[in-house]
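Everything below concerns the one structure shown next.
The values are calculated or read from the model by the stated rules, or taken from the named source; none is laboratory data. Nothing here was measured: the structure is a model prediction, and the numbers come from that model. Backbone-built Cβ (ideal geometry, glycine too); neighbour counts: all protein chains shown. Just so you know, the surface numbers come from the protein's heavy atoms only, side chains and all, with ligands and any DNA or RNA stripped out. Shrake-Rupley method; radii C 1.70, N 1.55, O 1.52, S 1.80 Å.
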Amino acid sequence: MSVYAVIMAGGKGERLWPASTPARPKPFLPLAEGKTLIQATYDRVVPLTGRARMYVIAERRLAEPIRVLLGLPPEQVLTEPQGRNTAPAIGLAALVLALQDPEAIMMVLPADHLIGDEEEFRNTLSLGVEAARAGYLVTLGIEPTYPATGYGYIQRGEPLPEFPQRAFRVRRFTEKPDGATAEGFLSEGGYYWNAGIFLWRAARILEEIDRFLPRLSAALQRLRPLWGSAAWEGTLREVWDQVEEISIDYGVMERAERVAVIPASFDWHDLGDWQGVWEVLPKDERGLAAQGEHLAEDTGRTLVWGLPGKPVATLGVSGLAIVDTPEALLVADLARTQEVRALARRARKTPPDWKELYQLDPSGMLEEVKKFPAQCREALALGKAAELPLDKLSGFSRVLCVGMGGSGITGDLLARLLPLEVIPCRGYRVPEFIGEETLLLAVSYSGNTEETLSAFRDGLSKTPRALAISSGGKLRELAEERGVPWIGIPGGHQPRAALGYLLFTLLSAFRRLGTFNADLEPVLEVLEALSRKLAPAAAGNRAQELARALHGRVPLICGVHGNTAPVAFRWKTQINENAKQPAFWAELPELCHNEIVGYELTERVLPTSQVVFLRTDSDHPRVAARIEILREVLARRGLAYLEVEAEGEDEFSQLFSLLYLGDWVSVYLALLNRVDPTPVRPIQELKDRLARYKGG
Ligand code: F6R
């Protein structure tokens, strides 16, 4: 009969808001001497079971962070579609254990408790295992230290004959009593707090569930033959909202036979609220417990929970809980922190009213983004029809692409797409080494960008082979003056919203020049499908979800060198220009040689950052391995990170699916930021001022 541990990671910890949030609930808080509570729970129990018999059960959205944090294989992190209280979670875990080992002994441990004397704790669990082997449903009872009204109580009865004076039959469970009743329990003796720690044979608890919780039992029966098959997840989703939402105490323990309690003498805290946290933290002689930097004058009996690098200063106060996080700042009466849950619920982000937010887009950037695939198709036709002196242009082995901002990205993307060297150039001059073998390409949507015009002039003095594309402007005049072929594209758009015209017209032209031969039809089909799936009316919109994840945060977008790097850059610039907020980008593997060190203090300097990895199937296998490792490094630092998977089959479709997703995300983020995505006043102002600036 092997012993298994199941850590229950379902505790929301709403009373520890704003540190505990749905994305990072209580088990993930570093409350165990710097360790997260779930890690401390794991470390405490693994000596009894070994790693292979440690299981965790959590809501699906928390499975990956838990797996990464504890280094467990996916099959040991069991998931529920949504939390339904403890009985269903325990039933599910018991089923999985019993299927693998019909004799399994199962220990159930909440992921969010603090335990002082670990040796004593393990000794008590070992005794519990003996009692479970003997067929009992075992619970541990904590010796009460005060008449708490926040816990359930267990009254002990006769000693178990097999374990005299060490384990007892349970006479009665009492849910959270009032103050007078609790005081009565303490003076009478023989009552313990119910800590939610249980031990039993997995098969026995399943029998009891069958007796008392028929809907849960029926759900488990349906799931039983599906373990390990592809149908498990779907069926679980189907059956899970029909099972009883009930605690194991109410559902089974209070009604079952042969229930035992083992009195525990180890130091136990459930850190239920900020006062509970204050109790366990070291304090100065006046009762100030502080975590993070603080400046205190004349401060008594106070809990300070600060952000790294942002000191909390207190003067002449006492009896407060002060909790500063990127989400919110809480200042509460320390004695009333059990009431914080109501505030946490009020603060929980309600879904945005998108219909109202669409009003913030009077110039129609959403519509522009929606039409991107159509623009790309139109551009292919434009490139095909453009008058080009193919003989004069052909014969180059390299392209130098001069252009800035929303036009300049064309150079980066051409470098990714064309099977020859493309050098993007963002400055006033071109490199010295440019010669006849180079095609000079000037890209400026307006045709009036001074750096582009200057570099183009400079380039024309070095190579006769040149091509320009714009909607008009001085670039057109210059090209005509110098006899350089020029391709005109429709005006009236923001340059960044004209990427389809700029890039696809050129791809079509390069096809005619014999330097590009990839089939773009699959790309266009993927873009068209995304245009429907990510548009405002679409349900379950991934771009809107991502925008919500980024809202209020500083995005750090990560792409891969030679593949998604220009796409990561486009996300960054689109977020800057549309959503009017800071964003940064980096590329793998280079970021593993510098930026990764900077992540050590991200939490201090940019506590509100959100790392986003762009993922495709065509990355080098070593890059994929680096992402796996990085994910773990970031999780350990407690950084928010997410991954965005590309759509489509071939590498170009995947690349463009990510690019297009980023465009949508940036516009939705603008709306969440309550700004009009279209105007880019600072860019225009700078251009206007420079135009008046004499010299240079
Ligand atoms: C504005 C935008 C800018 C411009 C940049 C260069 O939507 O995207 O980044 O692209 O100022 O101007 P053009 O593209 O006209 O050469």
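Structure above, values below:
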read-out: Any hit, the range 248-259, residues being under 32 Å from the mean Cα position of the chain (by Cα), farther than 20 Å from GLU33 by Cα and either at pLDDT 95 or above or surrounded by 19 or more Cβ atoms within 10 Å (Cβ to Cβ) (or both); value: yes
read-out: Flag for GLY483 being within 16 Å of the ligand (Cβ to nearest atom), surrounded by fewer than 15 Cβ atoms within 10 Å (Cβ to Cβ) and either at pLDDT 95 or above or more than 12 Å from LEU380 (Cα to Cα) (or both); value: no
read-out: Residue that is at pLDDT 95 or above, more than 13 Å from the ligand (Cβ to nearest atom) and open to solvent by 10 Å² or more (accessible area, probe 1.4 Å), where the choices are LYS474, LYS462; value: LYS462
read-out: Matching residues in the range 63-83 - criterion: being open to solvent by less than 10 Å² (accessible area, probe 1.4 Å) and either under 17 Å from the mean Cα position of the chain (by Cα) or among the small types (Gly, Ala, Ser) (or both); value: ILE66, VAL68
read-out: Residue within the range 69-85 that is of a type outside the set (A, V, I, L, M, F, W, C), at pLDDT below 95, more than 24 Å from MET1 (Cβ to Cβ) and in a helix (DSSP H, G or I) present; value: yes
read-out: Residue ranges of helices (runs of 4 or more DSSP H) in the range 595-696 with at least 2 members in contact with a Ser or Thr (Cβ under 9 Å, 6 or more places away or on another chain) and buried (at least 20 other Cβ atoms within 10 Å of the Cβ); value: 651-672
read-out: Subset tally (residues that are in a loop (DSSP other than H, G, I, E, B) and open to solvent by 70 Å² or more (accessible area, probe 1.4 Å)) for the range 216-247; value: 6
read-out: Matching residues, the range 438-464, being β-branched (Val, Ile, Thr), farther than 28 Å from GLN684 by Cα and part of a loop (DSSP other than H, G, I, E, B); value: THR463
read-out: So GLN581, is it more than 17 Å from the chain's Cα centre (by Cα) and either surrounded by fewer than 21 Cβ atoms within 10 Å (Cβ to Cβ) or under 30 Å from GLY292 (Cβ atoms) (or both); value: yes
read-out: Residue match in the range 111-126 (condition: outside any helix (DSSP H, G or I) and under 17 Å from TYR4 (Cβ atoms)); value: yes
read-out: Matching residues, the range 438-459, being open to solvent by 10 Å² or more (accessible area, probe 1.4 Å), under 21 Å from PRO490 (Cα atoms) and either more than 12 Å from the ligand (Cβ to nearest atom) or out of contact with any Ser or Thr (no Cβ under 9 Å at 6 or more places or on another chain) (or both); value: GLU450
read-out: The range 622-637 residues that are closer than 16 Å to ARG24 by Cα and of a type outside the set (Lys, Arg), paired with ones that are at pLDDT below 90 and not in a helix (DSSP H, G or I) (beta carbon under 6 Å, 6 or more apart); value: LEU634/TYR641
read-out: Test: residue in the range 317-332 that is without any contact (Cβ under 8 Å) to a residue 12 or more places away in the chain and either hydrophobic (A, V, I, L, M, F, W, C) or open to solvent by 70 Å² or more (accessible area, probe 1.4 Å) (or both); value: yes
read-out: Filter pass, ALA549 being away from the ligand (no atom under 16 Å from the Cβ), assigned by TED's automatic domain parsing to the domain that holds GLU628 and closer than 27 Å to LYS355 by Cα; value: yes
read-out: Scope the range 260-272; condition open to solvent by 10 Å² or more (accessible area, probe 1.4 Å) and assigned to a strand (DSSP E or B); matching residues; value: PRO263, TRP268, HIS269
read-out: Cβ-Cβ under 8 Å pairs, at least 6 apart or on other chains, the range 595-609 side closer than 23 Å to HIS551 by Cβ, far side assigned to a helix (DSSP H, G or I) and among the aliphatic types (A, V, I, L, M); value: TYR599/VAL633; TYR599/LEU634
read-out: Residue satisfying condition, being farther than 15 Å from PHE504 by Cβ, over 30 Å from the mean Cα position of the chain (by Cα) and of a type in the set (Ser, Thr, Tyr), within set SER407, SER363; value: SER363
read-out: Selection count where residues are under 32 Å from the mean Cα position of the chain (by Cα) and away from the ligand (no atom under 16 Å from the Cβ), scope the range 670-696; value: 4
read-out: Among the residues listed as CYS401, CYS376, the single one being under 30 Å from LEU661 (Cα atoms), away from the ligand (no atom under 16 Å from the Cβ) and surrounded by 16 or more Cβ atoms within 10 Å (Cβ to Cβ); value: CYS376
read-out: So TYR55, is it touching a helix residue (DSSP H, G or I) at 6+ places or on another chain (Cβ under 6 Å), modelled with pLDDT of 90 or more, among the aromatic types (Phe, Trp, Tyr) and more than 27 Å from ASP241 (Cα to Cα); value: no
read-out: Sole residue being within 16 Å of the ligand (Cβ to nearest atom), open to solvent by 10 Å² or more (accessible area, probe 1.4 Å), within 30 Å of ARG457 (Cβ to Cβ) and not in a strand (DSSP E or B), chosen from GLY435, GLY427, GLY408, GLY395; value: GLY427
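So that you can scan it fast, the table gives a plain yes or no per residue for (1) aromatic (Phe, Trp, Tyr); (2) in contact (Cβ under 8 Å) with a residue 40 or more places away in the chain; (3) not in a helix (DSSP H, G or I):
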| site | (1), (2), (3) |
| --- | --- |
| GLY11 | no, yes, yes |
| PRO18 | no, yes, yes |
| TYR42 | yes, no, no |
| LEU48 | no, yes, no |
| ALA52 | no, no, no |
| TYR55 | yes, yes, yes |
| ARG67 | no, no, no |
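Residue-wise test of (1) away from the ligand (no atom under 16 Å from the Cβ); (2) modelled with pLDDT of 95 or more; (3) crowded, with 20+ Cβ neighbours inside 10 Å; (4) not in a helix (DSSP H, G or I).
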position: LEU343; (1), (2), (3), (4): yes, no, no, no
position: LYS349; (1), (2), (3), (4): yes, no, no, yes
position: ASP412; (1), (2), (3), (4): no, yes, no, no
position: VAL422; (1), (2), (3), (4): yes, yes, yes, yes
